[in-house]
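Report on the following structure.
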Amino acid sequence: MKQFLTNWKTFINEQQQSDVNQQHEASNSINAQDLYNEYEDIMEQNNFNWHDIQEDSVWSTIVSELRDRLPNFKFMGKGSFRAVFSIGQDRVVKIDTSDGKAVEMNKNDAKFGRLGDMSQIFPKVYGFDKDYKWIVIEKVTPLKNKKGIIKFFQNPLLQGVDIEDQYEIWKAFLYYYVLKQNNGAPQALERMENRCVSLLRQNLVKPPPFDQVLGRYLKTPFDQKQGNRSTFALLAKAINELNISFSEIQQGNVGLGSDGRFLILDSSVEDDIGNTIASLTNRG
């Protein structure tokens, strides 16, 4: 009976926590809808269009009015098609400011944030508009330089190698693993492995074996500590299965989540992944 009561108490606590989480998510969605409604109202009252808000002075007027109406939101930044506002410590709202041009971007964010194991390397999704006019996702701290990327994928076998060269080695190994996951042609795999080995020899007096270096990339300290799937392997899987351009995997386009996960920020889906890989394997 005592064990039964303990289990029942645990079940009740889990249900209550689930209800709190669902209410929190719903609350975020409502807040995001409020933000979008106010944004549209300001646009309509001032007869602004998408071309108008490309002017800094016009956008500053909109942000000022939004701040007066909804002081709980903090403006984070704006691109050509979307604006980003902070909700609390760990979430942001991205709203379409382009008369529908950002709908596909929000749709991709929603899709990439709910992709099973690959979701580990994309911002978590907490809610979105049924027409994808806005989306609430995990706040990400962008990695603005190569040092930040290398710090996450730190490889103890490359101690003493400068950041620029470590970055080139990391990219080469990533290219190799993308090919391997994609069942690349043996000749292409061999060329890419040779490039990796060549980079190791150029930068280390006693270069470690290729397999050992790759193994270290596949088991980052963060992954081991968190018990997560290999970030490196998931990155390669995402490039392959989502046709993400290699150009996206660089500083400014990647960052760290609230829990320290390595994340892709805004993924551009490309169709030329095969051509990109081919060009990489043909390098000297």
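None of the figures in this text is laboratory data; all of them are computed from the coordinates on show. Please read all numbers here as calculations on a predicted model, not as lab measurements. Reconstructed Cβ throughout: ideal geometry from the backbone, glycine too, with neighbour counts over all protein chains shown.
Tabulated results
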| read-out | value |
| --- | --- |
| Modelled label reach - F75, point 7 Å along Cα→Cβ, segment 31-60 residues with backbone N closer than 12 Å | 53-60 |
| Where GluC sites (Glu not before Pro) fall in DSSP loop in segment 51-131, at most 11 other Cβ within 10 Å | E55 |
| Dipole-positive endmost among N31, P142, S64 within segment 18-159 (Cβ charges, Cα centre) | P142 |
| J(HN,Hα) series, segment 111-119, from Karplus relation 6.51 cos²θ - 1.76 cosθ + 1.60, nearest Hz, glycine and proline x | 5, 5, x, 9, 10, x, 5, 5, 4 |
| Cα→Cβ-extended label distance, 7 Å offset, between L157 and T61, nm | 6.0 nm |
| Whichever aspartates and glutamates have a C-alpha closer than 12 Å to that of K146, once near sequence neighbours (fewer than 8 apart) are set aside | D162, E164, D165, E168 |
| Radius 14 Å from Cβ of K74, net charge of other residues (Lys, Arg +1; Asp, Glu -1) | +4 |
| Gain upon complete extension [Q33, E168; 0.36 nm per residue less C-alpha separation] | 44.3 nm |
| Point-to-point label distance, N47-Q212, nm (Cα→Cβ direction, 7 Å offset) | 7.3 nm |
| Estimated FRET transfer efficiency (N145, D259; beta-carbon r; R0 22 Å; 0.05) | 0.55 |
| Pairs beyond 22 Å (Cα-Cα), from K94/K237; K180/K237; K171/K237; K78/K151; K101/K147 | K94/K237; K78/K151; K101/K147 |
| S119-N194 pseudo-label distance in nm [points 7 Å out on the Cα-to-Cβ vector] | 4.3 nm |
